Amino acid sequence: MAYQHLLLELDGPVAVLTLNRPDLLNAFNDVLIEECTEAFRTLGSAREVRAVIVTGAGRGFSAGQDLEDVKRRREAGAPWSIAEHLREKYNPMIVAMRVLDKPIIAAVNGAAAGAGMSFALAADLRIASEHAKFLQAFVAIGLVPDTGSSWFLPRLVGPSVAFDLCATGRVVGAEEALRIGLVSRVVSAPVLMTAARALAMELARKSPAALARIKSMLNLSWSSDLGDALALEAQLQHEASQTPEYIQLVDEFLLRSERKK
Ligand code: T3D
């Protein structure tokens, strides 16, 4: 499918989505948000796709909401509600990412600011280049975190660091991002996409049903108590153990062990 501001590349079992407004550091306008939502939904039913990478064209990952667009709307005098904009545009995109039953890797190549940072946080894991920088840019323009940041951030880095980042809006570089758990790997810029693709291929070789269940159980773990989590583990483990893959993979493991003797 051809998009206006989003590039979609299919590379075997890996789909690469590239936010493509490089002159504006891939700031989100409505078209880009809608295209992302549509792409995540479409990839959900693409059986051949087993892992998704999101990244940014040029030197930025995403600078969040396109502020020029906001200004244009204000100057046009059209009725405008940020709440409605979030409910109708950004929120469905974040939900589409979380319900997609395939892993999403954010390959963060540069600045991830405001809703651009939220977008990276909504991925299942983040791999950053040394040029990545993260900022909760909202407070600098008198706004509060949105697009999921208030939910993802404390869960990833703890409430105290989350408050620090939201309240100061300070820039977090790649090394700090690794240290505080915002990203799980940092690589040099020239190899970012190679590393992201290798990771995506590694995930694509795993059981898709197992990965879908892992994503679903981790989604739910954030809002469940221990009792609920234990019950869900038992249920999903039962379902996983009923698949032919489980029997085959156990048999293969035992065969390999036997050969080593
Ligand atoms: O409407 C709603 O629904 C509300 C939703 C809000 C969600 C949000 O995301 S609010 C937060 C919006 N984002 C920001 O406030 C970030 C603003 N940008 C920055 O702070 C910096 O640009 C960065 C830290 C991201 C990167 O800094 P740097 O020095 O690497 O680049 P730069 O020179 O500032 O930006 C390069 C160009 O991109 C520049 O344009 P130019 O001079 O080359 O023509 C700059 O104006 C443009 N740009 C950067 N961010 C945005 C943007 N243009 C429009 N919107 C942006 N968000």
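General remarks:
- Taking the stretch 52-147 and the helices (runs of 4 or more DSSP H) fully enclosed by it, the elements with 1 or more residues that are hydroxyl-bearing (Ser, Thr, Tyr) are at 115-121.
- Subset of the stretch 179-200 [in a helix (DSSP H, G or I), open to solvent by 70 Å² or more (accessible area, probe 1.4 Å) and within 13 Å of residue 127 (Cβ to Cβ)]: 194
- The residue pairs whose first member lies in the stretch 120-142 and is farther than 18 Å from residue 198 by Cβ, whose second member is open to solvent by 40 Å² or more (accessible area, probe 1.4 Å) and of a type in the set (Val, Ile, Thr), and whose beta carbons are closer than 6 Å, counting only pairs six or more residues apart or on different chains, are 133/171; 135/171; 138/144.
- Hits in the stretch 19-52 (condition: more than 14 Å from the ligand (Cβ to nearest atom) and either within 15 Å of residue 200 (Cα to Cα) or open to solvent by 70 Å² or more (accessible area, probe 1.4 Å) (or both)): 38, 41, 43, 45, 47, 48, 49, 50, 51, 52
- Options 226, 254, 249: the member that is open to solvent by 70 Å² or more (accessible area, probe 1.4 Å), out of contact with any helix residue (DSSP H, G or I) (no Cβ under 7 Å at 6 or more places or on another chain), without any contact (Cβ under 8 Å) to a residue 40 or more places away in the chain and more than 30 Å from residue 158 (Cα to Cα): 254
- The lone exception for residue 196 - which of (1) within 15 Å of residue 51 (Cβ to Cβ); (2) modelled with pLDDT under 95 it fails: (2)
- Taking the criterion of being among the hydroxyl-bearing types (Ser, Thr, Tyr) and either open to solvent by 10 Å² or more (accessible area, probe 1.4 Å) or modelled with pLDDT under 95 (or both), no residue of the stretch 119-134 qualifies.
- Test for residue 161: is it crowded, with 16+ Cβ neighbours inside 10 Å, on the phi < 0 side of the Ramachandran plot, of a type outside the set (S, T, N, Q) and more than 19 Å from the chain's Cα centre (by Cα): yes
- Residue tally, condition in contact (Cβ under 8 Å) with a residue 60 or more places away in the chain and either at negative phi or surrounded by 18 or more Cβ atoms within 10 Å (Cβ to Cβ) (or both), over the stretch 1-18: 4
- Residue 59 passes every criterion in (1) away from the ligand (no atom under 13 Å from the Cβ); (2) open to solvent by 80 Å² or more (accessible area, probe 1.4 Å); (3) of a type outside the set (Phe, Trp, Tyr); (4) in contact with a helix residue (DSSP H, G or I) (Cβ under 8 Å, 6 or more places away or on another chain) apart from (1).
- As a summary of the residue check, residue 96 satisfies the conditions (1) away from the ligand (no atom under 12 Å from the Cβ); (2) over 27 Å from residue 213 (Cβ atoms) except for the one numbered (2).
The values are calculated or read from the model by the stated rules, or taken from the named source; none is laboratory data. What you are looking at is a predicted structure, and each value in this text was computed from that prediction instead of being measured. Heads up, the Cβs are rebuilt from the backbone with ideal geometry, glycines too, and the neighbour counts pull from every protein chain shown. Just the protein is used for accessible areas: all its heavy atoms, side chains included, with ligands, DNA and RNA removed. Shrake-Rupley method; radii C 1.70, N 1.55, O 1.52, S 1.80 Å.
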